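Here's the structure we're looking at; comments come further down.
The values are calculated or read from the model by the stated rules, or taken from the named source; none is laboratory data. Predicted model, so just to flag it, every value in this text is computed and none were measured. FYI the Cβ positions are ideal-geometry reconstructions off the backbone, even for glycines, and counts take in every protein chain you see. The area values use the complete protein model at the heavy-atom level, side chains included, leaving out ligands, DNA and RNA. Shrake-Rupley method; radii C 1.70, N 1.55, O 1.52, S 1.80 Å.
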Amino acid sequence: MKKLQDKIISDGKVLSESVLKVDSFLNHQIDPPLMQAIGEEFASRFKEDGITKILTLESSGIAPAMMTGLVLGVPAVFARKRKSLTLVDHMYTASVHSFTKNETNDISVSKDFLKKEDVVLVMDDFLANGQAALGLLDIVEQAGAKLAGIGIVIEKGFQPGGKLLRERGIRIETLANISSLENGNVSFYEEAKI
Ligand code: G4P
Ligand code: NA
Ligand code: NA
């Protein structure tokens with residue numbers, strides 16, 4: 001997606017060879033017109049798939065998930081990271097290890113909002129090691145719902161998550177796939193034309 005690649009080049013900050021900071025439009029301040037364009041792009045890629053629900057993870061997955069849900073006309077549910085002290089038996093839970101942060105968190109979704117009849121589009125802002133996506137897939141499986149695919153705003157294709165998930169036969173749609181952050185520069189696998 002050209003608009004997103006251009007935004008990453010102009011406003012993203014390369015913090016190291018593995019970390020891209022996008023606080024000015026995705027992870028802290030949010031750029032609504034860009035999120036709208038992102039929602040339209042995901043909706044067009046998944047419009048034939050009979051999606052009934054979008055599932056993401058708080059907090060940075062919420063904005064793109066909500067815009068995609070708006071265009072597709074379906075609800076967006078976000079898994080919570082904090083442990084809910086009550087009604088644990090009414091939640092699907094999975095544990096997600098972050099290699100970046102070196103911590104493991106439980107994520108949870110109420111059984112009220114994900115049913116076996118659902119066709120789910122899993123979304124996240126970043127795909128790095130794929131652990132967050134695996135946790136969300138675990139929850140979809142626990143619900144007995146059908147997975148349509150995964151929508152990722154920014155993939156770091158030089159990290160192992162994308163390969164891990166694609167090897168399982170899962171469809172992944174990525175709007176900007178970064179091949180390298182070396183020497184302070186962002187490179188993409190493909191320069192988008194539109
Ligand atoms: P993984 O899920 O792919 O295994 O990712 P990892 O554990 O490495 O990432 C942990 C957190 O860091 C996630 O956000 C993820 O979106 C984010 N992240 C990973 N790589 C980058 C990067 O290069 N740049 C930025 N800006 N974020 C990255 P989170 O902890 O879930 O936080 P939130 O922002 O969703 O609240
Ligand atoms: Na995230
Ligand atoms: Na994040």
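Can we say residue 55 is modelled with pLDDT of 95 or more, surrounded by 13 or more Cβ atoms within 10 Å (Cβ to Cβ), within 16 Å of ligand 2 (Cβ to nearest atom) and part of a strand (DSSP E or B)?
Values: modelled with pLDDT of 95 or more: yes; surrounded by 13 or more Cβ atoms within 10 Å (Cβ to Cβ): yes; within 16 Å of ligand 2 (Cβ to nearest atom): yes; part of a strand (DSSP E or B): yes.
Answer is yes for this residue.
Filter the stretch 175-192 down to the residues that are farther than 13 Å from residue 9 by Cα and surrounded by fewer than 18 Cβ atoms within 10 Å (Cβ to Cβ) and list them by number. Write out each step before concluding.
Narrowing the stretch 175-192 to residues farther than 13 Å from residue 9 by Cα: 175, 179, 182-183, 189-190.
Across the stretch 175-192, the qualifying residues are 179, 182, 183, 189, 190.
Give the stretch 138-165 a look and list any residue that's open to solvent by 40 Å² or more (accessible area, probe 1.4 Å) and either among the acidic types (Asp, Glu) or closer than 21 Å to residue 50 by Cα (or both), or say none.
The answer is 138, 141, 142, 144, 146, 147.
What number goes with the only condition from (1) part of a strand (DSSP E or B); (2) open to solvent by 20 Å² or more (accessible area, probe 1.4 Å) that residue 108 does not pass?
(2)
Select from the stretch 34-55 the residues that are within 15 Å of the chain's Cα centre (by Cα) and touching a residue at least 40 places away in the same chain (Cβ under 8 Å) and list them in ascending order.
38, 41, 42, 45, 46, 53, 54, 55
Just need a number here: residues in the stretch 1-33 that are within 16 Å of ligand 3 (Cβ to nearest atom), outside any strand (DSSP E or B) and within 17 Å of the chain's Cα centre (by Cα).
The qualifying residues number 11.
Could you tell me which residue of the stretch 102-139 is modelled with the lowest pLDDT, considering only residues that are β-branched (Val, Ile, Thr) and more than 21 Å from residue 39 (Cα to Cα)?
Within the stretch 102-139, the match that is modelled with the lowest pLDDT is 104.
What are the residue pairs meeting all of these: first residue in the stretch 9-20, first residue closer than 15 Å to residue 157 by Cα, second residue surrounded by 13 or more Cβ atoms within 10 Å (Cβ to Cβ) and small (Gly, Ala, Ser), Cβ atoms under 6 Å, and 6 or more apart or on different chains?
Note: pairs meeting the criteria are 20/12.
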